[in-house]
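The values are calculated or read from the model by the stated rules, or taken from the named source; none is laboratory data. These numbers were taken from a predicted model, which means no experiment stands behind them. In this analysis, Cβ positions are derived from the backbone assuming ideal geometry, glycine residues included, and neighbour counts consider all displayed protein chains. Areas reflect the complete protein model, heavy atoms only, side chains present, ligands, DNA and RNA absent. Shrake-Rupley method; radii C 1.70, N 1.55, O 1.52, S 1.80 Å.
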Amino acid sequence: TGIYQIRLHDMCCIFYYWLEPANAFEPFQEYNVGLIALAFLQGSFAYGGWNFLNYVTEELVDPYVNLPRAIFISIPLVTFVYVFANIAYVTAMSPAELLASNAVAVTFGQKLLGVMAWIMPISVALSTFGGVNGSLFTSSRLFFAGAREGHLPSLLAMIHVKRCTPIPALLFTCLSTLLMLCTSDMYTLINYVGFINYLFYGVTVAGQIVLRIKQPDMHRPIKISLIWPVIYLLFWAFLLIFSLYSEPVVCGIGLAIMLTGVPVYFLGVYWDNKPQCFDAFVGRLT
């Protein structure tokens, strides 16, 4: 009984030790605002799916009702699951173990699940495939919509005859993804994508505020209070400014990747009066 009590006491200490305020906020290095912003940028990548459903509103049933409902339900649910998953990791692993692990969930399973540890890598793989499926389903619609508006080659606006899916846009998305995989460091890739995403998110949200001021009488089937875009822009400015200060090279490369779309913009959008031979050449090329 004495041995059992000692083991139970040790296990309970491990259970909440790193959650105590004195230990949870103990810094392992000097505080740096830039690194804190970079941590937020990387951590918020896990919550980046909130906007994907907006890309497929044409394929939603009653989007003005179901789109806000899906977002209002999914964001609190995902936040609850992610936060408690991280609390579970902290209860079983020290910060040093978390930093040393290449796959935190797998290490967590090895420590606590014993012979059933194989469940964790399978669960992570299923979650990854689910995320990729959602990204492919929505991102390809961006290229499809751009091509339909004449901003990209018309090939990308074509759909499958029977399944009505944008197969060329999906293949183009696959090619773009393979190019991104040339970067071996996953965290660097997240910084690239996260910085560009938040840059566009901020511009989009700022545009909503500008339109609300300049065109207050515009018909808006989905309308929210302006306090939320303002709060988002403040958080957005904090992330981008200090992330750029902390990792100027990585963020600069992300900006350079984004600027590669400038020639496409001038050829596909800004140049209105294209000669017929140019359109014919692009059609034959694609």
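In table form, for the structure just shown:
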| item | result |
| --- | --- |
| Residue check for F143: over 13 Å from the mean Cα position of the chain (by Cα) and within 30 Å of V249 (Cα to Cα) | yes |
| Residues that are open to solvent by 50 Å² or more (accessible area, probe 1.4 Å) and of a type in the set (G, A, S), drawn from segment 127-152 | S127 |
| Segment 256-279, residues that are surrounded by 11 or more Cβ atoms within 10 Å (Cβ to Cβ) and in a helix (DSSP H, G or I) | I257, M258, V264, Y265, L267, G268, V269, F278, D279 |
| Pair list, Cβ under 7 Å, 6 or more apart: segment 110-126 residue touching a residue at least 40 places away in the same chain (Cβ under 8 Å) and acidic (D, E), other residue assigned to a helix (DSSP H, G or I) and surrounded by 10 or more Cβ atoms within 10 Å (Cβ to Cβ) | none |
| Test: H160 is modelled with pLDDT under 80 and either within 21 Å of N51 (Cα to Cα) or of a type outside the set (A, V, I, L, M) (or both) | no |
| Residues that are in contact with a helix residue (DSSP H, G or I) (Cβ under 9 Å, 6 or more places away or on another chain) and of a type in the set (A, V, I, L, M), drawn from segment 62-94 | L67, A70, I71, I75, V78, A85, I87, A88, V90, A92, M93 |
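Each row is one residue, and each column tells you yes or no for (1) without any contact (Cβ under 8 Å) to a residue 40 or more places away in the chain; (2) hydroxyl-bearing (S, T, Y); (3) open to solvent by 70 Å² or more (accessible area, probe 1.4 Å).
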site	(1), (2), (3)
L67	no, no, no
I75	yes, no, yes
T79	yes, yes, no
F84	yes, no, yes
I87	no, no, no
T91	no, yes, no
L98	yes, no, no
A103	yes, no, no
